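Asker: My questions will all concern the structure given below.
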Amino acid sequence: QVQLVESGGGLVQPGESLTLSCTASGISFSDYVPGWYRQPPGKQRELVAAFLSGGAINYADTAKGRFTISRDNAKNTVYLQMNSLEPEDTAVYYCRAMYTNGTTYWGQGTQVTVSS
């Protein structure tokens, strides 16, 4: 059974930082390309940052310069370091793992709220 479990979400003030973690079981991030997506209230799910086949990284424009995605294959975990958070970053953040044939798994999501 495949599970992606996100953690690290919470309530922070504007300008603060937060690090999300996603640990996989049943699959390996050595085989499945990991990424982070988010769904703001009332909006569609959107890309935040994702690894590409070959190791390159794709960042959404809103994430460039503030967010960093990283991975630890030994721990089967992917991270999202988020700095200088803004109220517009408020969303449910989802971890995704995708295989080369398109097979995709999603985590259950973790809420990030940025508010003063």
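Asker: Can you pull the three principal axis extents for the Cα set of region 59-116, in Å, largest first?
Answerer: On the principal axes, region 59-116 reaches 41, 23, 21 Å in Cα extent.
Asker: Counting every Cα pair in region 1-103, what percent are over 20 Å apart?
Answerer: Everything past 20 Å amounts to 35 percent.
Asker: With Cβ to Cβ distances under 12 Å as the rule, what net charge do the other residues near Ser84 carry (K, R +1; D, E -1)?
Answerer: After counting each charged neighbour, the total is -2.
Asker: Could you grab the relative contact order for the chain? Cα pairs under 8 Å, six or more apart, rounded to a whole percent.
Answerer: With pairs under 8 Å counted, the relative contact order is 37 percent.
Asker: Computing the accessible area with a 1.4 Å probe over protein heavy atoms, can you report the carbon and sulfur percentage for region 1-104?
Answerer: Of the solvent-accessible surface of region 1-104, carbon and sulfur hold 47 percent.
Asker: Per residue, how much accessible surface does region 1-69 expose to a 1.4 Å probe? Answer in Å², no decimals.
Answerer: Values: 3610 Å² over 69 residues.
Ligands and nucleic acids excluded, the figure is 52 Å² per residue.
The values are calculated or read from the model by the stated rules, or taken from the named source; none is laboratory data. Everything numeric in this text was worked out from a predicted model, so none of it was measured. Here the Cβ is made from the backbone with ideal geometry for all residues, glycine too, and neighbour counts use every protein chain on show. Please note that ligands, DNA and RNA were not included when accessible areas were found on the heavy atoms of the full protein model with its side chains. Shrake-Rupley method; radii C 1.70, N 1.55, O 1.52, S 1.80 Å.
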